[in-house]
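Input: a single structure, listed below in structure tokens.
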Amino acid sequence: MSPLWRCRGATYTISGPEALTQVEQARLIGEAIGRPLRFQELNDRETHELWGSWGWSAEDIDLELYVRSEFVQVPAPLGATVGHLLGQPARTFAQWAAEHAAAFR
């Protein structure tokens, strides 16, 4: 599910210019920081234990797991909203990762 933004009474689905899975996103962050990263899923029990320890309810965890499971192997849908709203193309994920590499080190 892409982030939604509200502007002047309208709701926009925000996406980048390329369709990437979470595995591909992890690879691009690894390239930006100069070391390989891997994507490792937690099973449902592990996720419930971890997120439950952070104060999430079981219902919220189940909903989030459902939403996130859609994008592990299948990329999020694309759209032209960013370019339309900003008047310039959206950055690629690789550009974003390079700009934020320090946050991942």
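FYI, it's all coordinate maths here, none of it is from the lab. Predicted, not measured: the structure shown is a model, and the values here were computed from it. Backbone-built Cβ (ideal geometry, glycine too); neighbour counts: all protein chains shown.
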Once volume of the Cα convex hull per residue in Å³ is worked out from the coordinates, which option in (i) 137; (ii) 129; (iii) 174 does it equal?
(i)
When only C-alpha pairs under 8 Å and at least 6 residues apart count, what is the relative contact order of the chain, in percent?
43
The answer for the net charge of residues other than E46 whose Cβ lies under 15 angstrom from its Cβ, with Lys and Arg +1 and Asp and Glu -1, is -3
Dipole moment magnitude, nearest 20 debye, the range 4-104 about Cα centre, only Lys, Arg, Asp, Glu C-beta charged
520
